[in-house]
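Structure first, commentary second.
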Amino acid sequence: MNLWEILVRPVHPVEEQRYQQLMQEYHYLGFLPKIGETLWYVAALGDQWVALLSFSASALKCAARDCWIGWNLRHQYDRLKLIVNNSRFLILPDWHLPNLGSRILSLCQRRLDADWQKVFGHPVVLLETFVDPQRFQGTVYKAANWLYVGNTKGFRRTRYGYTATAQSPKMVFLKPLQADARSLLCRAILQPPYCTGGSKIMLKADQMQSLPSFFTDIPDPRRAQGRRHRLATVLAIAAGASLCGMRGYRAIADWAKSLGKKARQRFGCRYTNGLYIVPSEYIIRDVLVRVDPVHLDRALQRWNETYAQEDESLAIDGKTMCNAIDDQGHQTHVLSVVGHQSKNCYTQKKLGLCL
């Protein structure tokens, strides 16, 4: 067989059922459903399918990968979309030929960035994959010039967080899609098209646990009757969701529902019948509408002073508030001081100018 005749292309919608059946039948981990940003590929020789591949969202945490990149926690969570995981690679029976696997990986690497931008609207700069050393040694990835950067710690993520005990560690392989991938991921400021959204971070366990304490002194605007959730808990969850990039009441409520048992406990959620209950979208909206914004702003500033990293430079930005006229007939202008690296707003000043 001539390897140069192999073609790699995305799986067409009408072919997805066949792809799923083959993956379920022949891959030792079975079929992996499409969750979030995922692309499926098939390597074909004419009309014959030779191999199947799946590329999906990167791992939330991987110490070996993160150490190789050298980024910090703030950069990591905001830029994970620039990394893609080769979550499945299956060479179908009767096609296990020398150099075939590395050839298919090479063809995928050449087109993946363009395909990803076309479907999901942002580029990819780094590929990752995890290999079980009890079954394989990563030979095909080594032959395709992927970098072995170490092993995972063996903890597996579940719907409730991570497993309590380490299981089988996996070998971690990385493949930069451009020469400056590592330095690009560590830059203080990303420019389009690599900037994939608003400023967001990933909260650590101690940050979750301490966040409610910053809101304990805020007066509760709600009636005492019918309060099911502490004000500090509701505000801490809303603040945590916003720090993680959620925008809007529904997004905040969905983020709250996705919290695991340990995260809910750290936020001080109400414990009923063996479960930690998070506030609903209605409760979150009601609290945020009623709470004194001055008290809320001061609490968030205190949290920022405690946990935020120092910015190397600051930007001063002025905005004119459309249709905002005060009692004296002056149009409102807001002057803000924002950190270049963290995107945190350090202070704001409202000015009233004559029309």
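The values are calculated or read from the model by the stated rules, or taken from the named source; none is laboratory data. Note that the structure is a prediction, hence the values are computed from the model and not measured. For neighbour counting, all protein chains shown are included, and Cβ atoms are generated from backbone atoms with ideal geometry for every residue, glycine included.
Okay, residues lined up against (1) more than 27 Å from the chain's Cα centre (by Cα); (2) of a type in the set (V, I, T); (3) farther than 25 Å from R187 by Cβ:
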residue: S87; (1), (2), (3): no, no, yes
residue: L92; (1), (2), (3): yes, no, yes
residue: W95; (1), (2), (3): yes, no, yes
residue: R103; (1), (2), (3): yes, no, yes
residue: L112; (1), (2), (3): no, no, no
residue: L126; (1), (2), (3): no, no, no
residue: D132; (1), (2), (3): no, no, yes
residue: F136; (1), (2), (3): yes, no, yes
Are any residues in region 106-145 closer than 20 Å to L39 by Cα and either part of a strand (DSSP E or B) or free of Cβ contacts under 8 Å to residues at least 40 places away in the same chain (or both), and if so, which ones? S106, R110, A114, K118, G121, L126, L127, E128, T129, F130, V131, Y141
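Do you know which residues across region 228-268 are small (G, A, S), assigned to a loop (DSSP other than H, G, I, E, B) and under 17 Å from S213 (Cα atoms)?
Here is the first cut: in region 228-268, the ones small (G, A, S) are 232, 236, 238-242, 245, 248, 251, 253, 256, 258, 260, 263, 268.
Remaining after also requiring assigned to a loop (DSSP other than H, G, I, E, B): 245, 248, 258, 260, 268.
Of everything in region 228-268, just one residue is small (G, A, S), assigned to a loop (DSSP other than H, G, I, E, B) and under 17 Å from S213 (Cα atoms), namely G268.
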Just to check your reading of the model, which residue among A188, A241 is among the aliphatic types (A, V, I, L, M), surrounded by fewer than 18 Cβ atoms within 10 Å (Cβ to Cβ) and either closer than 18 Å to H75 by Cα or in contact with a Cys (Cβ under 8 Å, 6 or more places away or on another chain) (or both)? A188
Matching residues, region 29-56, being more than 21 Å from D113 (Cα to Cα), modelled with pLDDT under 90 and surrounded by 12 or more Cβ atoms within 10 Å (Cβ to Cβ): F31, L32
Within region 24-57, can you find the residues that are within 30 Å of the chain's Cα centre (by Cα) and farther than 26 Å from L82 by Cβ? Q24, H27, Y28, G30, F31
Kindly provide the set of residues from region 67-88 that are outside any helix (DSSP H, G or I) and out of contact with any Phe, Trp or Tyr (no Cβ under 9 Å at 6 or more places or on another chain), ordered by number. G70, W71, N72, I83
